[in-house]
Amino acid sequence: MDRREIAALLAYIGRLDPRTTRTDPGEARDQIAQWHELLSDVPPATPHGWDARVAARQHIRISPYPILPADIARPWESYRRERLARHTDPTPHADPDDQAAWTAELVGARRAVASGSAEPGQDRAITSGRGRVDPELRARLREVGTCIPPAARAALAPLRPARAAREAAVAQGRPDALAVRCEWCKAQVGEPCRRRRIGPDDGTRGTAPRATPHPGRLDLAEAQLHQQVQQVQQPAMA
């Protein structure tokens, strides 16, 4: 803020809290000079949510103490930090081989976000909510039917046998064993069953994941599936 903007802010504050008003011309000049020295890098307002008058009014509304320049500077620094925390650097348009231009464009974008003259840049997830998926990606998903193409899924199957067995069971209409907790090895929902490694002294030396679930877990999953089918059929029959 320049001196004229500082004077306008102090006049606004004086209407809300007369204790800050200086009637002596010399004291008023000193007050403006002091506030300008401390708040010269703080804008009076930005297009994206910052307004020094709002910060001043908030302080006067909730604090019994006269307002100080720090009561404007603190909200401004919080505003800057919050915006930079939400910002993701976009890929600069400059030539990557031109390090100076590349860095200058990144710094310029960050300064614009921190100063409130530009919105933070945020990378969108490919499935970041209903209606936000890129049209080309949506068409590709409809074509392949899944985010992982069948060829890639088949190549990954030997590396994750438990997941492959689970997907095969669901595709064949059999119950998903990992949808229930295993009462034998205590594996939680979504986790594969584990087998115990027994040492020569009959003590447990460790566990290792199983490619197939324990039979008791399959029975529990089948019972749960049967119960769910009955719950769906009963309203329909009624």
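How many residues, within region 79-91, are exposed (fewer than 13 other Cβ atoms within 10 Å of the Cβ), within 10 Å of ALA114 (Cα to Cα) and hydroxyl-bearing (Ser, Thr, Tyr)?
Here the count works out to 0.
Counting only residues that are in a helix (DSSP H, G or I), under 30 Å from ARG22 (Cβ atoms) and not basic (Lys, Arg), how many does region 60-88 have?
Of the residues in region 60-88, 11 are in a helix (DSSP H, G or I), under 30 Å from ARG22 (Cβ atoms) and not basic (Lys, Arg).
Exactly one of (1) surrounded by 11 or more Cβ atoms within 10 Å (Cβ to Cβ); (2) modelled with pLDDT of 85 or more; (3) not aromatic (Phe, Trp, Tyr) is unmet by SER117. Its number?
Among (1) surrounded by 11 or more Cβ atoms within 10 Å (Cβ to Cβ); (2) modelled with pLDDT of 85 or more; (3) not aromatic (Phe, Trp, Tyr), the lone unmet condition for SER117 is (2).
Please go through region 207-238 and pick out each residue that is at pLDDT below 70 and either among the small types (Gly, Ala, Ser) or surrounded by 12 or more Cβ atoms within 10 Å (Cβ to Cβ) (or both).
Hits for region 207-238 are ALA236, ALA238.
Taking the conditions exactly as written (in contact with a Pro (Cβ under 6 Å, 6 or more places away or on another chain) and not aliphatic (A, V, I, L, M)), does GLU27 satisfy them or not? Outline the logic, then answer.
Values: in contact with a Pro (Cβ under 6 Å, 6 or more places away or on another chain): no; not aliphatic (A, V, I, L, M): yes.
So GLU27 does not fit the description; no.
Restricting to region 10-38, what's the tally of residues that are in a helix (DSSP H, G or I), in contact (Cβ under 8 Å) with a residue 24 or more places away in the chain and in contact with a helix residue (DSSP H, G or I) (Cβ under 6 Å, 6 or more places away or on another chain)?
Residues in region 10-38 being in a helix (DSSP H, G or I), in contact (Cβ under 8 Å) with a residue 24 or more places away in the chain and in contact with a helix residue (DSSP H, G or I) (Cβ under 6 Å, 6 or more places away or on another chain): 7 in total.
Can you find, within region 195-206, the residue that is nearest to VAL180 (Cα to Cα) among those that are surrounded by 11 or more Cβ atoms within 10 Å (Cβ to Cβ) and at pLDDT below 75?
Filtering region 195-206 for residues that are surrounded by 11 or more Cβ atoms within 10 Å (Cβ to Cβ) and at pLDDT below 75, the one nearest to VAL180 (Cα to Cα) comes out as ARG197.
Which of the residues belonging to region 39-49 are closer than 15 Å to GLU5 by Cα and in a loop (DSSP other than H, G, I, E, B)?
Passing the criteria: SER40, ASP41, VAL42, PRO43, PRO44, THR46.
Residues in region 92-101 that are under 24 Å from GLY116 (Cβ atoms) and exposed (fewer than 10 other Cβ atoms within 10 Å of the Cβ): how many?
Residues flagged as under 24 Å from GLY116 (Cβ atoms) and exposed (fewer than 10 other Cβ atoms within 10 Å of the Cβ) within region 92-101 amount to 1.
Keeping to region 35-59, report how many residues are closer than 20 Å to ARG22 by Cα and within 27 Å of the chain's Cα centre (by Cα).
0
ARG140 is checked against (1) modelled with pLDDT under 75; (2) assigned to a loop (DSSP other than H, G, I, E, B) and fails just one. What number does that condition carry?
(2)
The values are calculated or read from the model by the stated rules, or taken from the named source; none is laboratory data. If you're wondering where the values come from, they're calculated on a predicted model, not measured in any experiment. All Cβ positions, glycine included, derive from the backbone under ideal geometry; neighbour counts span all protein chains shown.
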